[in-house]
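One structure is given below, encoded as structure tokens.
The values are calculated or read from the model by the stated rules, or taken from the named source; none is laboratory data. Quick caveat, the model's predicted, so the values are computed rather than measured. A quick note on method: Cβ atoms are made from the backbone with ideal geometry, for glycine too, and the neighbour counts reach across all protein chains shown. Heavy atoms of the whole protein, side chains included, go into the accessibility calculation; ligands, DNA and RNA do not. Shrake-Rupley method; radii C 1.70, N 1.55, O 1.52, S 1.80 Å.
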Amino acid sequence: MNATIHLLAGKEKSLKRLHPWVFSGAIGKVKGNPQSGDTVAVHSADGDWLGYAAWSPQSQIRARIWSFQQNDSIDAAFFLARISAAKALRDSLSIASDAYRLVAAESDQLPGVTIDKYDQWLVCQLLSAGAERWRDAIVAALRELYPDCAIFERSDVDVRKKEGLPPVVQLLHDNGSGLPPATLWIEENGLQLGVDLQQGHKTGYYLDQRDSRQAMRRYSAGKRVLNAFSYTGGFGLYAAAAGASEVVNLDVSAPALAQAADNHERNGFATEQLTNMQLDVFEALRKFHHQGERFDVIVLDPPKFVDSKANLMNACRGYKDINRLAVMLLKPGGTLLTFSCSGLLSGELFQKVVADACLDAKRPMHIIEHLFQSADHPVRTNFPESLYLKGYVLRG
Ligand code: SAH
């Protein structure tokens with residue numbers, strides 16, 4: 001028998017709009033003794049049934065809704081159905097890559113569950129108590145839908161701490177290949193990219209920027225390109241493919257830059273075209289400025305600067321700083337592709353920060369393109385938090 005939680009009066013409003021999170025402060029009574037990850041029935045103060053949720057006793061997000069349908073049962077068949085639906089969406093998208101996000105957590109109505117598909121490898125991140133509880137069902141569903149694929153878990157992510165869960169990295173299903181290779185080659189928009197599923201960032205690669213990397217081709221022919229926060233050089237590789245005269249990748253990670261060099265070579269691009277610099281971007285942009293370096297095209301794709309509402313303003317100063325410096329480094333008529341993957345920073349505020357950066361650089365520009373996370377990272381209408389990655393292309 002499921003445990004039941006009753007919300008305080010008025011706290012059912014967001015759930016009635018199908019938003020899947022129940023915060024600790026919304027909870028009135030807990031009946032039964034749910035354990036971490038157990039399924040609970042959520043009721044309003046008036047006793048209306050609202051949804052089935054996973055119980056997260058240690059998290060401020062105390063319960064996450066699996067289903068708003070009372071006749072659902074949360075079991076292995078439920079996970080198979082949800083993952084099948086996620087697969088059907090991806091299969092319909094004509095994604096020009098053999099690597100993409102198969103399951104995007106709340107956007108696929110599977111809070112805490114992220115699954116990326118890299119060719120024959122499925123890489124899972126189980127980030128909530130509920131996801132942890134249903135690991136076996138998730139693996140069974142993946143094996144049924146993708147009988148030839150190996151399944152690897154990369155739950156070595158800080159947010160698990162908030163759920164009281166330890167980091168986990170393990171092979172969940174061996175298809176005969178053993179552990180993932182040190183470098184798995186994938187093809188994205190016709191380019192070869194090496195990915196390290198065991199040690200790479202996230203599940204190995206920034207799949208969410210695929211469409212924006214493709215957009216990069218439009219701006220790069222014959223240009224001198226600076227790719228700041230390059231990771232394994234994705235944006236730079238597309239620039240090289242489009243005929244950039246020079247590509248400079250900047251990152252603090254030595255393994256990422258080594259992979260960037262391998263990627264460039266693997267695609268048959270000229271060695272002289274590429275320079276990799278292991279430097280802090282904040283310092284490097286200042287140094288370039290003092291040296292009088294100028295670029296035709298600059299990409300700024302920093303990591304998430306905003307990790308809590310408390311540091312939003314501080315993070316905005318960081319975004320403004322790098323954008324101001326980048327604008328100052330642009331040749332006249334140059335192009336800046338600037339991104340923020342901080343979900344807590346709205347597109348509106350990000351645009352304001354970029355506008356302020358242009359103003360401080362005494363160089364108002366045109367926004368000529370808006371960019372977002374790729375379609376395999378869909379935004380669920382009742383979960384606006386799922387829109388986290390936004391970018392602008394500026395010219396001037
Ligand atoms: N544009 C990349 C993804 C960038 S992710 C792609 O398309 O794949 C952000 C990168 O910023 C990471 O590789 C990280 O190593 C790097 N990074 C973080 N802080 C940095 C800093 N201060 N200076 C330089 N690189 C930094």
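The table below gives the values:
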{"read-out": "Options V252, V247, V281; residue that is more than 20 Å from the chain's Cα centre (by Cα), near the ligand (Cβ under 8 Å from one of its atoms) and on the phi < 0 side of the Ramachandran plot", "value": "V281"}
{"read-out": "Unmet criterion (only one of (1) more than 15 Å from the ligand (Cβ to nearest atom); (2) buried (at least 22 other Cβ atoms within 10 Å of the Cβ); (3) farther than 20 Å from M216 by Cα) for H290", "value": "(2)"}
{"read-out": "Condition broken by P166, with the remaining ones in (1) over 30 Å from L329 (Cα atoms); (2) assigned to a strand (DSSP E or B); (3) not charged (D, E, K, R) satisfied", "value": "(2)"}
{"read-out": "Criterion: closer than 25 Å to I367 by Cβ, more than 9 Å from the ligand (Cβ to nearest atom) and surrounded by fewer than 22 Cβ atoms within 10 Å (Cβ to Cβ) - qualifying residue of D307, D321", "value": "D321"}
{"read-out": "Qualifying residue in region 234-247 (condition: within 23 Å of Y388 (Cα to Cα) and of a type in the set (A, V, I, L, M, F, W, C))", "value": "yes"}
{"read-out": "Out of D148, D158, sole residue that is open to solvent by 70 Å² or more (accessible area, probe 1.4 Å), within 16 Å of the ligand (Cβ to nearest atom) and outside the structural domain of S56 (by TED's automatic domain parsing)", "value": "D158"}
{"read-out": "Some residue of region 195-206 being farther than 30 Å from I61 by Cβ, within 16 Å of the ligand (Cβ to nearest atom) and either acidic (D, E) or in contact with a strand residue (DSSP E or B) (Cβ under 6 Å, 6 or more places away or on another chain) (or both)", "value": "yes"}
{"read-out": "Considering residues of region 183-215 that are among the polar types (S, T, N, Q) and closer than 22 Å to R90 by Cβ only, the residue most open to solvent (accessible area, probe 1.4 Å)", "value": "Q214"}
{"read-out": "Test result for K352, more than 16 Å from the ligand (Cβ to nearest atom) and either part of a loop (DSSP other than H, G, I, E, B) or within 21 Å of A244 (Cβ to Cβ) (or both)", "value": "no"}
{"read-out": "Single residue of region 216-230 satisfying the filter (buried (at least 24 other Cβ atoms within 10 Å of the Cβ) and more than 14 Å from E188 (Cα to Cα)) that is farthest from the ligand (Cβ to nearest atom)", "value": "S220"}
{"read-out": "Some residue of region 130-143 being outside the structural domain of Q373 (by TED's automatic domain parsing), more than 16 Å from the ligand (Cβ to nearest atom) and outside any helix (DSSP H, G or I)", "value": "yes"}
{"read-out": "Given (1) within 16 Å of the ligand (Cβ to nearest atom); (2) open to solvent by less than 30 Å² (accessible area, probe 1.4 Å); (3) part of a loop (DSSP other than H, G, I, E, B); (4) within 30 Å of S56 (Cβ to Cβ), number of the condition P180 does not satisfy", "value": "(1)"}
